Amino acid sequence: MIRVLGGLIILFLALVLQFSLATAGIRLGLSFAILISFAFLFEFWELAFFVLLTVFILNWQPAASPEILTFALFPLAVYFCRNILHWRIWLENLLALALGFLVLYFAAAPAGFFLYWQSFLLDVAAGALLSGIVFLILYRPK
Amino acid sequence: MKKRGGQLLLIACITAFAALIFLKPQYGVALRMFLAGERAAATGTAPDLAAENEVLKSQLAELQAVAAQLPAAPSHYLRAMVYSRYPLNFKNEILVNVGSNNGIAAGDAVIFRGILVGAVEKVFPGSALVQTVFDDHFKIPVRVGPAGNDGLFVGGTSPRVASIAKTAKVSLGDIVYAAGEGTPYGLPMALVASTSTSPDGLFEEAGLRFAYDVNTLQTVLVAQ
């Protein structure tokens with residue numbers, strides 16, 4: 001429960017940072033990166049709790065959208081696939097981050113993905129940095 | 001036993017969130033506004049609060065007197081509050097708290113202080129999604145300056161007016177106003193801040209200056 005509480009605090013901090021940057025015109029998917037990292041650090045029900053809480057806060061319209069569905073389903077998919085590659089966990093996390101943002105960008109803007117390649121790189125870089133901090137705080141090797 | 005109890009608690013929270021997402025999304029919006037820093041101060045001692053309350057009451061009375069003398073929302077426009085904003089960087093959309101129940105339809109113009117800020121894209125019973133002029137896919141025919149030179153407003157992070165004839169005389173500070181079908185003609189949008197030639201050399205283009213910050217819009221008017 002203490003780990004879940006720690007995860008909750010980290011998620012809220014990421015959301016506050018995401019909203020603060022958005023006010024300044026910089027929109028990063030920090031909460032998405034956090035959820036992907038959580039897929040490697042928490043059990044299924046804990047992850048589902050974080051995912052639904054994030055969707056509850058971020059959902060901006062009263063209907064499902066490709067972006068929100070990706071936000072919700074991709075971290076859960078990562079959870080079920082997290083032991084497939086048997087690489088170092090930070091490398092798997094990085095790969096999952098890149099793949100996750102790729103799926104998110106194609107879900108949100110399928111025709112114009114190549115217009116956003118700089119935002120994509122920025123998202124992956126910011127997500128990797130944040131993930132590193134999350135792993136430093138929460139990761140305990142078994 | 002303890003682990004099972006924790007799991008049951010998580011499942012209960014998950015069920016609650018799922019219900020809230022579908023039944024009461026406005027609580028998510030409120031939580032988001034709280035995290036984004038849009039919250040009222042709630043500190044101070046009781047005497048301080050009483051004094052502050054009195055000051056606020058007198059200010060309210062004063063403003064109510066002023067408001068009574070101001071024109072109401074122009075006819076055929078409905079005042080709406082901005083509920084939430086698209087959180088990622090692919091679109092520039094806002095959700096307002098009027099929808100089909102209020103007679104709003106897709107394509108209705110949305111203005112702020114008399115300036116066109118976007119158009120209704122999708123309508124729900126109690127709310128509507130508005131595509132702002134800063135969305136990459138927002139395009140509308142416009143006219144520029146006193147001569148009414150034709151151009152095409154192209155939205156995005158740095159909106160511009162494209163396809164202006166090279167022979168057109170466009171000056172800094174010229175007004176850009178809407179001239180598209182379905183939008184009230186003549187609605188101001190921005191001022192010309194810079195001019196340049198298009199990449200292919202065939203047209204003039206104009207960089208724009210806006211009189212508002214779309215990230216801080218709290219209330220708008222929607223054309224009916």
message = Going by amide H atoms built from the backbone, whose H comes under 5 Å of the H on B:L78, apart from near neighbours?
response = B:V222, B:A223, B:Q224
message = Please report, ordered by residue number, every helix of chain B (full DSSP H runs) that is 30 Å or longer along its axis going by C-alpha atoms and whose mean Kyte-Doolittle hydropathy reaches 1.0.
response = B:2-23
ask   = For the protein assembly as shown, what does -39500 (n - 2.57) per DSSP helix run (n ≥ 4), summed and divided by total residues, give at 222 nm, in deg cm²/dmol to the nearest 500?
value = -15000 deg cm²/dmol
ask   = In bins 5 Å wide, starting from 0, what share of all Cα pairs of chain A does each bin hold, as a percent?
value = 2, 10, 20, 24, 23, 13, 6, 2, 0
query = What ³J(HN,Hα) values, in whole Hz, does the Karplus curve 6.51 cos²θ - 1.76 cosθ + 1.60 give for the range B:94-111 when θ = phi - 60°, with x put for Gly and Pro?
reply = 10, 10, 10, 9, 10, x, 5, 4, 9, x, 7, 9, 4, x, 5, 6, 10, 10
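For A:F106 and A:L13 in one chain, what is 0.36 nm times their gap in residues minus the Cα-Cα distance, to one decimal in nm? Intermediate results must be reported in sequence, preceding the final value.
Details: separation 93, 0.36 × 93 = 33.48 nm, distance 2.69 nm.
Between A:F106 and A:L13, full extension yields an extra 30.8 nm.
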ask   = With each label point set 7 Å from Cα along the Cα-Cβ vector, what nm distance links A:W45 and B:K122?
value = 3.3
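In terms of solvent-accessible area of protein heavy atoms at a 1.4 angstrom probe, what is the ranking of B:H137, A:H86, highest value first?
Numbers: B:H137 125, A:H86 150 Å².
I get A:H86, B:H137, largest accessible area first.
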task = Return a whole-number percent for the relative contact order of chain A, with Cα pairs under 8 Å and 6 or more residues apart as the contact set.
result = 32
task = Have a look at A:Q118, A:Q18, A:Q61 and tell me which one the Gaussian network model of chain A (Cα, springs below 10 Å) gives the largest fluctuation.
result = A:Q61
request  = Run the 1.4 Å probe and let me know the accessible area of B:Y212, rounded to the nearest 10 Å².
outcome  = 30
ask   = Karplus couplings for the range A:62-69 from phi (6.51 cos²θ - 1.76 cosθ + 1.60, θ = phi - 60°), rounded to Hz, Gly and Pro as x?
value = x, 7, 6, 10, x, 5, 5, 5
ask   = Taking Cα atoms, how many degrees apart are the long axis of helix A:2-23 and the longest axis of chain A, rounded to 10 and kept between 0 and 90?
value = 20
task = Return the long-range amide H neighbours of B:S198 (sequence gap of 5 or more, or a different chain), with a cut-off of under 5 Å between placed amide H atoms.
result = B:F203, B:E204, B:E205
query = Considering only protein heavy atoms, what is the solvent-accessible area of A:I2 at a probe of 1.4 Å, reported in Å² to the nearest 10?
reply = 150
ask   = Over what distance in Å are the Cα centres of the range A:1-39 and the range B:147-223 separated?
value = 36
request  = Leaving ligands, DNA and RNA out of it, report the carbon-plus-sulfur percent of the accessible area of the range B:74-138 at a 1.4 Å probe.
outcome  = 53
key: Accessible area, probe 1.4 Å, largest first, for residues B:K91, B:K122   = B:K122, B:K91
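Expressed as cubic angstrom per residue, what is the convex hull volume of the alpha carbon set of the range B:113-198? It would help to have the intermediate numbers written out before the result.
Values: hull volume 9.0 nm³, N = 86.
Normalising the Cα hull of the range B:113-198 by residue number yields 104 Å³.
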request  = Can you tell me how much longer the chain between B:K57 and B:M33 gets when fully stretched, taken as 0.36 nm per residue apart minus their C-alpha distance, in nm with one decimal?
outcome  = 6.1 nm
message = As a test question: what accessible area, to the nearest 10 Å², does A:V16 have when a 1.4 Å probe is rolled over all protein chains in place?
response = 50
query = Sorted by accessible area (1.4 Å probe), largest first, how do A:T23, B:T132 line up?
reply = A:T23, B:T132
task = Heavy atoms only, probe 1.4 Å: what % of the accessible area of the range A:63-115 goes to carbon and sulfur, would you let me know?
result = 77
task = Give, in nm to one decimal, the length gained when the segment between B:K139 and B:K24 is fully stretched (0.36 nm per residue of separation minus the Cα-Cα distance).
result = 38.0 nm
query = Averaged over B:14-21, how many beta carbons belonging to a partner chain fall within 10 Å of each residue's beta carbon?
reply = 5
request  = Would you work out the charge dipole size for the range B:78-224 about its Cα centre, treating the Cβ of every Lys and Arg as +1 and the Cβ of every Asp and Glu as -1, and quote it to the nearest 20 debye?
outcome  = 260
inquiry  = Please compute the modelled spin-label separation between A:N83 and A:L115, points set 7 Å along Cα→Cβ, answer in nm with one decimal.
reply    = 4.4
query = Could you give the accessible area per residue of the protein assembly as shown, probe 1.4 Å, as a whole number in Å²?
reply = 53
key: Burial of 20 Å² or greater, the range A:51-88 residues [accessible area, probe 1.4 Å, versus chain by itself]   = A:L52, A:L53, A:F56, A:I57, A:L58, A:N59, A:W60, A:Q61, A:P62, A:E67
query = Between chains B and A, what is the buried accessible area in Å², counting both sides, with a 1.4 Å probe and ligands, DNA and RNA left out, to the nearest 100?
reply = 3400
note = Quick calc: nm separation of the 7 Å Cα→Cβ label points for B:I115 and B:M81 -> 2.4
Calculated on alpha-carbon atoms, Rg and Dmax of the protein assembly as shown in Å = 23.9, 81
message = Let me see the P(r) profile for chain B: every Cα-Cα distance counted, bins of 5 Å, each bin given as a percent of all pairs.
response = 1, 6, 11, 13, 13, 13, 11, 10, 8, 6, 4, 3, 2, 1, 0, 0, 0
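The values are calculated or read from the model by the stated rules, or taken from the named source; none is laboratory data. Just so it is clear, the structure is predicted and the values come from calculations on it, not from any experiment. Virtual Cβ from ideal backbone geometry, glycine too; neighbours counted across all protein chains shown. Side chains are part of the model used for accessible areas, which takes the heavy atoms of the whole protein and leaves out ligands, DNA and RNA. Shrake-Rupley method; radii C 1.70, N 1.55, O 1.52, S 1.80 Å.
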